[in-house]
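The values are calculated or read from the model by the stated rules, or taken from the named source; none is laboratory data. Keep in mind that this is a model prediction, so the values were computed, not measured. Virtual Cβ from ideal backbone geometry, glycine too; neighbours counted across all protein chains shown. Only protein heavy atoms, including side chains, enter the accessible area calculation; ligands, DNA and RNA are left aside. Shrake-Rupley method; radii C 1.70, N 1.55, O 1.52, S 1.80 Å.
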Amino acid sequence: MSTTQIITAEDAGKFISPIVSPVVSQARSLTVENGDAYEMACTFLQIIVGKKKQVEEVFSPIVKKAHEAHKEAVAQMKKFMDPLNMAELEVKSKVSTFRMNEERKRREEEVRQQEISRKEHEERAIAEAAQLEAAGEKELADIVLQNAAEDPAPVVVVASSVPKAAGISGREIWKWRFAAGEENALRMLVKAAAEDERLLAYLMVNETAVGATARTQKGLMKVPGIEAYKENTISIRA
């Protein structure tokens, strides 16, 4: 089969299957118990590498064509999606700003009305206490003032003035950032985690750095809590 002519993945599978299946079956039944079997297994490994190359030669043009088609489709979609995403962000920003401003006004009005309610509550208590005291009920007057101090005015809740819009809702999203830089945060976190093991979940081993150190320093690597070890692998030259 010519690999320069691009065929379908299904046709390629039909062509390759009879080539791959016997190799897989033979690999499963292969045993290596003596020197001769070892040499046969090593030769068989080279055969497998050759079959893998054959599969790659058949499927690579198909994969490349599919990848290029995917890239083109994504690029075309991006031409239209990017402006829409920017438009969405712009309008979302304006809507969020309006909502925040209205929420600020609502809270300010709540504080204003709460203060009015507090003063009215206090004035009513003072007036009632004054009447009781004038009537000679000094103890009752003191009780009224004490109750007024211990039982504050009812909480005032001002309804939001933001109109209801179909399909649109607001919600709070909490995020995080470094309070005083990443290095300072790491030092503080390591120190705190040493005293409180619950904080260990926020620490992560830099596997890339550890892996590079293990490969370069091998058995001489000295990283607290980590040891380097080796695994034997087989490399095959086709």
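Summary table
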{"item": "Enumeration of residues in region 25-45 that are in a helix (DSSP H, G or I) and among the hydrophobic types (A, V, I, L, M, F, W, C)", "result": "ALA27, ALA37, MET40, ALA41, CYS42, PHE44, LEU45"}
{"item": "Close pairs from region 222-238: first within 30 Å of ALA194 (Cα to Cα), partner of a type in the set (A, V, I, L, M) and open to solvent by less than 100 Å² (accessible area, probe 1.4 Å), Cβ under 7 Å, at least 6 apart", "result": "VAL223/VAL210; ILE226/VAL210; ALA228/ALA214; ALA228/MET221"}
{"item": "Only listed residue being in a helix (DSSP H, G or I), out of contact with any Lys or Arg (no Cβ under 9 Å at 6 or more places or on another chain), open to solvent by 80 Å² or more (accessible area, probe 1.4 Å) and within 30 Å of ALA165 (Cβ to Cβ), chosen from LYS53, LYS105, LYS71", "result": "LYS105"}
{"item": "Region 189-215, subset surrounded by 10 or more Cβ atoms within 10 Å (Cβ to Cβ) and of a type in the set (Val, Ile, Thr), residue farthest from the chain's Cα centre (by Cα)", "result": "THR213"}
{"item": "Condition broken by ILE47, with the remaining ones in (1) open to solvent by 80 Å² or more (accessible area, probe 1.4 Å); (2) without any contact (Cβ under 8 Å) to a residue 40 or more places away in the chain; (3) within 30 Å of LYS14 (Cβ to Cβ) satisfied", "result": "(1)"}
{"item": "Residue in region 148-168 that is under 31 Å from the mean Cα position of the chain (by Cα), touching a residue at least 12 places away in the same chain (Cβ under 8 Å), open to solvent by 100 Å² or more (accessible area, probe 1.4 Å) and under 30 Å from SER93 (Cβ atoms) present", "result": "yes"}
